[in-house]
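See below for the structure under consideration.
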Amino acid sequence: MARGSQNGISNNPAGKPAGATTKLTLSIREKIIEEVTDNFDDYITKLKKLEGKDYVRCMTELLKLVIPRPLNEEETSAIGVYSEAIKRLFK
């Protein structure tokens, strides 16, 4: 007989909440933010030196961090439902 739990079943049924971050993840994010903030001008100088495909690739990846992605059908529908509910509540 196998030991431990079956795949997909844990001893903690509630599990970790979706989107929860660990202390390590938060610590790493803080260090990355500090690095980028402290050396922002250097990064811009290096970015301006890039040419051709390298420049386009780098700008494309950076823009993904700034421009929100398009919503899929399910998300668009959910927003419509929530908008209608909010309108009804406040009328």
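Residues in the range 46-91 that are within 18 Å of the chain's Cα centre (by Cα), assigned to a loop (DSSP other than H, G, I, E, B) and either of a type in the set (A, V, I, L, M) or surrounded by 10 or more Cβ atoms within 10 Å (Cβ to Cβ) (or both): Ile67, Leu71. When the range 33-43 is filtered for residues that are surrounded by 10 or more Cβ atoms within 10 Å (Cβ to Cβ) and either in a helix (DSSP H, G or I) or in contact with a Leu (Cβ under 8 Å, 6 or more places away or on another chain) (or both), the ones remaining, listed by number, are Ile33, Glu34, Glu35, Val36, Phe40, Asp42, Tyr43.
For the range 36-45, what are the residues that are under 24 Å from the mean Cα position of the chain (by Cα) and not aromatic (Phe, Trp, Tyr)?
Val36, Thr37, Asp38, Asn39, Ile44
Read-outs: derived from the displayed coordinates by stated rules, not from any lab. What you see is a predicted model; the values in this text were computed from it and never measured. All Cβ positions, even for glycine, are placed from backbone atoms using ideal geometry, and neighbour counts span all protein chains on display.
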